[in-house]
Amino acid sequence: MSKRDYYEVLGVGKEASADEIKKAFRKAAVKHHPDKEGGSEEKFKEVNEAYEVLKDQQKRQRYDQFGHAGVGGASGGGYSGGGNPFEGFGGQGMHFDFGDGGLGDIFGQFFGGASGGGQRTQRGNDVETRITLDFEEAIFGVEKTLSLDMQDECSHCHGERAEPGHGMKTCATCKGSGQIPRVMNTMFGQIQQAVVCQTCEGRGQIPEKICSVCRGRGTERRTQDLKIKVPAGIDDGVTIRLRERGEAIAGGARGDLYVHVRVKAHKQFTREGDLILSEEHVDMVDAALGTEIDVTTVDGVVRMKIPAGTQSGTDFKLNEHGVPLQHGGRGAHIVSIVVDTPTKLSKKQKELLKELKSSKKRSIFS
């Protein structure tokens, strides 16, 4: 199914200013929020997608010139180059190991063989997972417990690979060197190279008796509960990297843990960088005469003054009620005022408004 025009989605023209686009997004996001009665998750996502493109000047320019294809929106899925090639897999138990065995090993072996006496620097698999935070948790930070099913140090041999009470012995295949010679037939003739011994995996030693639990691997798969601290102010789509908190491996360092963060949409607030945005409705008379209103922020209710003559669409700033900043302090909470015009008036109310209108006209010439 073809995508709708982004300007049409937000209800603005192609000549709309950045401010008009922002206000249109706020209005549409509130209207289609999935948690609101009559809301639509599909339309809410469509609105967010349109705003992500049109708020960025470069993306907007590419979109104006090339349409959806110019901003990566020509196809409905798959990896089209650029960015993270693993994005979209959702981190569902997938492990990525970019350690030994890559192109570096191939060329290293061909031009002189492995160095360091065959002792490879081994590393466990990296692990990916995902957490979902409430809006307030992302603003103020939170501690989360993750349950991860992955390779951990063997509880019986503690990673030694040998049955407790038994030691290690020299590998008979490589005679303790961790390497074995191999002859390759190439266009230059026969080349002898040293490759990692598969029996001892380059360690030069093997257990006298392998561990009865892990069968000599040094690790076993089990579910682990891991506590992590999510920093205050983290945004949706951010990935936290925890070094050496991934899978274990015998004789080497653990892999890394990558935690992809998703933040739930809020019924009342939206976020732009270090700003929190919301709307407050004021009736026409209060806007004209001035008033004070209670504004809900992430810190609780704050009393805010509305000056006489405030127009619909006017923004007010509540300092230090936004997102915590990296170097201290906080951003602002921006409150956009919507002036409600009454649709049903009593006879007396109509007469009062007519009298007000008449008095304003007379004042022009008085």
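The values are calculated or read from the model by the stated rules, or taken from the named source; none is laboratory data. All values reported here derive from a predicted model rather than from experimental measurement. All Cβ positions, glycine included, derive from the backbone under ideal geometry; neighbour counts span all protein chains shown. Side chains are part of the model used for accessible areas, which takes the heavy atoms of the whole protein and leaves out ligands, DNA and RNA. Shrake-Rupley method; radii C 1.70, N 1.55, O 1.52, S 1.80 Å.
Miscellaneous remarks
- Scanning the stretch 18-40 for residues that are without any contact (Cβ under 8 Å) to a residue 60 or more places away in the chain, part of a loop (DSSP other than H, G, I, E, B), at negative phi and open to solvent by 50 Å² or more (accessible area, probe 1.4 Å) gives a single hit, GLU37.
- Enumeration of residues in the stretch 330-358 that are surrounded by fewer than 10 Cβ atoms within 10 Å (Cβ to Cβ) and of a type outside the set (D, E, K, R): THR341, THR343, SER346
- Residue that is at pLDDT below 50, closer than 30 Å to GLN151 by Cβ, assigned to a helix (DSSP H, G or I) and not β-branched (Val, Ile, Thr), where the choices are GLY83, GLY91, GLY104: GLY104
- For the stretch 1-56, a residue qualifies if it is in contact with a helix residue (DSSP H, G or I) (Cβ under 9 Å, 6 or more places away or on another chain) and among the β-branched types (Val, Ile, Thr), and the qualifying residues are VAL9, VAL12, ILE21, VAL47, VAL53.
- Filtered residues of the stretch 27-55 (kept if over 22 Å from the mean Cα position of the chain (by Cα), among the hydroxyl-bearing types (Ser, Thr, Tyr) and closer than 14 Å to GLU8 by Cα): none
- Matching residues in the stretch 210-225 - criterion: being of a type outside the set (Asp, Glu) and surrounded by fewer than 16 Cβ atoms within 10 Å (Cβ to Cβ): SER212, VAL213, ARG215, ARG221, ARG222, THR223, GLN224
Results for (1) modelled with pLDDT of 95 or more; (2) surrounded by 13 or more Cβ atoms within 10 Å (Cβ to Cβ); (3) under 22 Å from PHE44 (Cα atoms); (4) within 29 Å of the chain's Cα centre (by Cα), shown as yes or no for each residue.
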| site | (1), (2), (3), (4) |
| --- | --- |
| GLY300 | yes, no, no, yes |
| ARG303 | yes, no, no, no |
| THR314 | no, yes, no, no |
| GLY328 | no, no, no, yes |
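- Candidate set from the stretch 186-195 (those that are of a type in the set (A, V, I, L, M, F, W, C) and part of a strand (DSSP E or B)); member that is surrounded by the most Cβ atoms within 10 Å (Cβ to Cβ): ALA194
- Entry remark, the stretch 280-296: residues being in a helix (DSSP H, G or I) and without any contact (Cβ under 8 Å) to a residue 12 or more places away in the chain number 1 in total.
- The single residue among ALA248, ALA288, ALA253 that is open to solvent by less than 20 Å² (accessible area, probe 1.4 Å) and over 24 Å from LEU325 (Cα atoms) turns out to be ALA248.
- Scanning the stretch 292-319 for residues that are within 27 Å of ILE21 (Cβ to Cβ) and touching a Gly at 6+ places or on another chain (Cβ under 7 Å) turns up ILE306, PRO307.
- Within the stretch 257-273, residues that are touching a residue at least 40 places away in the same chain (Cβ under 8 Å) sit with their Cβ atoms under 6 Å from residues that are open to solvent by 40 Å² or more (accessible area, probe 1.4 Å) and among the β-branched types (Val, Ile, Thr), at 6+ positions apart or across chains, in these pairs: TYR258/THR239; HIS260/THR239; VAL261/VAL238; ARG262/THR132.
- Checked against (1) more than 25 Å from PRO307 (Cβ to Cβ); (2) modelled with pLDDT under 90, PRO324 meets all criteria but (2).
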